[in-house]
Every structure is written in C-alpha cells, then in structure tokens.
Amino acid sequence: MEPLCILPLKRAVMLVMSGKATVLETDGRQLHAEHVSVPLPVVLCLTRYVHVPVRRPVPPTRRTVLARDSHRCAYCGGGADTVDHVHPRSRGGRHEWSNVVAACVRCNHRKADRLLHEIGWELSFTPRAPRWSVAFGTAATRAEPLWSQYLVA
Ligand SMILES: [Zn+2]
C-alpha cells in the first residue's frame with residue numbers, strides 16, 4: 001500500500017458506502033445516515049488496485065528540503081532556514097536530494113564552497129529523497145496525526 005491522495009470527507013464516505021474502499025483508520029466517531037452508520041474515515045484503503053502510472057517525484061526545493069530535515073541544521077543541529085549543497089555546486093555538486101541538506105545561515109557561510117572532509121565536518125545521516133510526508137506537507141500530518149504512520153519515508 002502507498003498513499004495516493006487526500007480526499008474531502010464526503011468523497012471518502014461515498015467510496016466506503018459504494019464498497020470501493022474500506023476504512024483503515026477512524027477517529028472513533030460514527031457518521032449516521034438514514035439507514036446506515038459508517039465509522040468516520042481518516043485513512044481509507046481502496047478495494048481495487050489502482051495503477052498510478054506517473055508519480056511525479058518531489059523536487060528538492062527550499063520548502064521540501066527544510067521539511068525533510070525538520071528545519072534542523074545538518075551540521076550543528078540548530079534551527080535551519082537555508083539549503084546547503086553538501087558537495088558545492090561550484091565544484092560540480094548536483095542539485096539532487098542526496099546532495100542537499102537543511103543548514104543554518106551560520107554553518108552555510110562557514111562551510112562556503114568547501115567539501116566536508118576539508119573542514120573536518122561530517123553528516124550524521126545520509127541525505128535521500130523523501131517520500132510522502134514531504135509531498136503532502138508537514139502541516140497536513142500535524143493536522144491529522146493518524147496519517148503520520150502511513151507517510152513515513
Ligand atoms: Zn548550523
């Protein structure tokens with residue numbers, strides 16, 4: 001299983017009522033209609049496999065890199081609001097997930113266009129492309145904590 005999208009509640013209930021989806025997570029409340037009641041769906045699973053032919057990868061942008069790294073500087077662990085290319089672009093580093101980390105302004109300036117081994121720094125993690133938590137936005141997972149376990153990278 002993998003996350004497909006976020007639906008309006010009405011649409012989610014329709015999918016359950018028509019048998020096209022089952023409820024994986026509910027917040028415990030029940031929705032009552034004339035003849036039936038349905039657990040209020042928070043996470044659904046489609047009953048039929050849906051092929052998603054083109055999945056656009058999440059591009060590394062300032063917003064998505066900061067979200068992936070939880071706004072923590074990869075070098076000092078402080079609050080970060082810039083993006084650093086681990087292997088500097090001026091020295092051939094590519095703008096791709098494995099080469100970008102969140103960094104604070106201070107570390108970003110101190111590191112400048114040097115390589116980590118040249119200044120004795122190292123990363124405590126291996127940067128890689130995130131999956132869905134970043135694509136959906138961390139605000140969404142904060143709004144609905146039950147989603148977070150389905151959105152882990
Ligand atoms: Zn820092």
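Computed from phi, the 3J(HN,Hα) profile of region 23-36 under the Karplus parametrisation 6.51, -1.76, 1.60 (θ = phi - 60°) reads 8, 8, 9, 9, 8, x, 7, 10, 9, 10, 10, 4, 10, 9 Hz, with x in place of Gly and Pro.
Database remark: amide H of V100 closer than 5 angstrom to the amide H of V86 (H placed geometrically; neighbours at sequence offset of 5 or more, or on other chains; Pro and chain starts carry no H).
What is the extension gain from Q149 to E118, computed as 0.36 nm multiplied by their sequence separation minus the C-alpha to C-alpha distance, in nm to one decimal?
Numbers: separation 31, 0.36 × 31 = 11.16 nm, distance 3.89 nm.
My answer for the length gained is 7.3 nm.
Think of it as helices only: each DSSP H run of n ≥ 4 in the chain is worth -39500 (n - 2.57), and spread over all residues that comes to -6000 deg cm²/dmol at 222 nm.
Here, P(r) means the percent of Cα pairs in each 10 Å bin from 0 to the largest distance; for the chain it is 10, 32, 24, 17, 12, 5, 1, 0. The magnitude of the dipole of the chain, with charges of +1 and -1 set on the Cβ of Lys/Arg and Asp/Glu and taken from the Cα centre, is near 420 debye. Net charge of the neighbourhood of G120, taken over other residues with C-beta under 13 Å away and scored Lys/Arg +1, Asp/Glu -1, is +1.
Spin-label pair L46-H32: with each label point 7 Å from Cα along the Cα-Cβ axis, the two points sit 3.3 nm from one another. Here is the P(r) of region 1-55: all C-alpha pair distances, binned every 10 Å from 0, give 22, 55, 18, 5 in whole percents.
Each value in this text was obtained by applying a stated rule to the coordinates, not by laboratory testing. This is a predicted model, so every value here is computed, not measured. Every residue, glycine among them, receives a Cβ derived from its backbone with ideal geometry; neighbour counts consider all protein chains shown.
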